[in-house]
1. Can you name the number of the only condition in (1) closer than 30 Å to B:Leu10 by Cβ; (2) touching a Leu at 6+ places or on another chain (Cβ under 7 Å); (3) of a type in the set (Asp, Glu) that A:Glu158 fails?
2. Report yes if A:Glu94 is within 14 Å of chain B (Cβ to nearest Cβ), in contact (Cβ under 8 Å) with a residue 60 or more places away in the chain and acidic (Asp, Glu), otherwise no.
3. Among the residues in the stretch A:166-177, are any on the phi < 0 side of the Ramachandran plot, part of a strand (DSSP E or B), touching a strand residue (DSSP E or B) at 6+ places or on another chain (Cβ under 7 Å) and aliphatic (A, V, I, L, M)?
4. Are any of the residues in the stretch A:58-78 within 14 Å of another protein chain (Cβ to nearest Cβ) and closer than 20 Å to B:Ala91 by Cβ?
5. Could we say that B:Tyr81 is more than 10 Å from every other protein chain (Cβ to nearest Cβ) and surrounded by 18 or more Cβ atoms within 10 Å (Cβ to Cβ) here?
6. Tally the residues that are in contact with a Ser or Thr (Cβ under 6 Å, 6 or more places away or on another chain) and over 30 Å from B:Arg7 (Cβ atoms), restricting the search to the stretch B:38-90.
7. Of the residues B:Met70, B:Met99, only one is over 21 Å from A:Ile126 (Cβ atoms) and buried (at least 19 other Cβ atoms within 10 Å of the Cβ); which?
8. Considering only residues of the stretch A:1-46 that are of a type in the set (S, T, N, Q) and modelled with pLDDT of 90 or more, which is surrounded by the fewest Cβ atoms within 10 Å (Cβ to Cβ)?
Number of protein chains: 2
Amino acid sequence: MNTPRKRIALDMDDVMANLSHKFLDHYEKEKGHRITMKYFWDNDIYSTPDGKRLRQCLFEPGFFADLPIMDNCLEVVQWLYKHYEIFIVSAAMEFRNSMPDKRDWMEKHFPFIHWSNIVFCGDKSIIDADYLIDDHVKNLITFKGKGLLFSAAHNTNEKRFTRLNNWLEVKAFFEGELKKDAS
Amino acid sequence: MNTPRKRIALDMDDVMANLSHKFLDHYEKEKGHRITMKYFWDNDIYSTPDGKRLRQCLFEPGFFADLPIMDNCLEVVQWLYKHYEIFIVSAAMEFRNSMPDKRDWMEKHFPFIHWSNIVFCGDKSIIDADYLIDDHVKNLITFKGKGLLFSAAHNTNEKRFTRLNNWLEVKAFFEGELKKDAS
């Protein structure tokens, strides 16, 4: 009898899809100059009136439809898919119009992941999985499995979780896990 | 120290929202005569070419926006909300356009339930909760908590789960659970 495959939950924004990149494009278009995500978080731009206004773009239909894929994400998710049960878990619920866009984005870029394995939620404590890869500490804190922190400008000082800086490090981490599981 | 509240996951279609009622309206409009859900399931209408064509309505924007609320659902969910952590868990992912409609429907009819407690998914085995109220046996089979079968025309012969015929029976069931938990 085969052992059931372990389950990995993957966050979308700034883990699979480069939301920050598009947001900074939007910032540049509106403000006339480009900033970095580090500058953005160091200066808590979302709390300023300007930041609040710019954040409205996240509510617009189409905003999430054409985000770039993060480097090496496609190849590594294809590899993970051979060894694990993969669920996509995005806290999309705040943004009413993002959901059809995100579902289309998955179908376009990751057609091998069936819609039945996609989850749009808010509070990720409802998710039952063995691993969660996420850039937001709040999601990892309530997660009962092994939380893996995907590096982002807003989490550089966080020390409580295994950190994965990019998708090649995701692959290396799970190569290690598969070896441990096999031994 | 307070014990954390137990968590109930509630299905939407044909548990909170009367999808069958609207579907039968649609059937009548297209075919010129009304049928019952019992007739619909007994004759496996979804497998017929006609049924497949009629089912396309589920993919249309707006179809899920104006479903009637099931009898006594609002009052009982308001009551449950005082005693339990409530999550809404709908297998909406097949229907791309249903998601904004379903989110709006929740905001309109159940504004006390925050968007962070709404989940749209496909395979409900990802859900971590103490109870799941659902009309589909496939969702209860993979659920690790206590599965509660909400009666519908397609599940009348099912015997494996505690059956709740309507929202008044939901209330009575949880009154019993609260008494047990308190003793």
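The values are calculated or read from the model by the stated rules, or taken from the named source; none is laboratory data. Here the structure is a predicted model, which is why all the values come from computation and not from measurement. Every residue, glycine as well, gets a Cβ built from its backbone with ideal geometry; the counts of neighbours run over all protein chains shown.
1. (1)
2. Working: within 14 Å of chain B (Cβ to nearest Cβ): yes; in contact (Cβ under 8 Å) with a residue 60 or more places away in the chain: no; acidic (Asp, Glu): yes.
No; evaluated as a whole, the condition is false for this residue.
3. no
4. No, the stretch A:58-78 has no match at all.
5. On the way: more than 10 Å from every other protein chain (Cβ to nearest Cβ): yes; surrounded by 18 or more Cβ atoms within 10 Å (Cβ to Cβ): no.
Answer is no for this residue.
6. At the first step, the residues of the stretch B:38-90 found to be in contact with a Ser or Thr (Cβ under 6 Å, 6 or more places away or on another chain) are B:64.
Filter once more, keeping what is over 30 Å from B:Arg7 (Cβ atoms): none.
Adding up the residues that qualify gives 0.
7. Values: B:Met99 fails: over 21 Å from A:Ile126 (Cβ atoms).
From the options B:Met70, B:Met99, the qualifying one is B:Met70.
8. As a first pass, look at the stretch A:1-46 and keep what is of a type in the set (S, T, N, Q): A:2-3, A:18, A:20, A:36, A:43.
Right, trim to modelled with pLDDT of 90 or more and you get A:18, A:20, A:36.
On the way: A:Asn18: 17, A:Ser20: 20, A:Thr36: 11.
Top of the filtered list is A:Thr36.
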